[in-house]
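Step one of this worksheet: look at the structure below.
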Amino acid sequence: MNGIVAVPTLVENWTGDDVQHWLQENHFEQWKEAFSQAGINGPVLQLLDEPHLEYELGMTPLAERERFMQAKRLLVSEGRVYKCLA
């Protein structure tokens, strides 16, 4: 694998950098700054709901919040994702 190792990582153990990567991978890059400023890590990500997104993070478009919540539900239901380490 050319020095790249995939390791299982529970979302509840994610750092802010892991959340930033997930945002990028799921096409939420326009929200990376807001999530970074708010200090969103894995445990906090799991607790986010639509009011948090809209009122605390500024994600006002309804369709964008719905898309985010769907991606988050899928992430949380999987529980464990694989992070590549170089």
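The values are calculated or read from the model by the stated rules, or taken from the named source; none is laboratory data. All figures in this text were calculated on a predicted structure; none of them were measured in a lab. FYI the Cβ positions are ideal-geometry reconstructions off the backbone, even for glycines, and counts take in every protein chain you see.
Have a look at THR60, THR15 and point out the one that is touching an Asp or Glu at 6+ places or on another chain (Cβ under 7 Å) and at pLDDT 90 or above. Only one candidate qualifies: THR60. If you go through the stretch 47-63 and keep only what is surrounded by 15 or more Cβ atoms within 10 Å (Cβ to Cβ) and touching a residue at least 12 places away in the same chain (Cβ under 8 Å), you end up with LEU48, LEU53, LEU57, MET59.
Each residue in the stretch 14-65 was checked for being among the polar types (S, T, N, Q) and more than 22 Å from GLU78 (Cα to Cα), and 4 pass.
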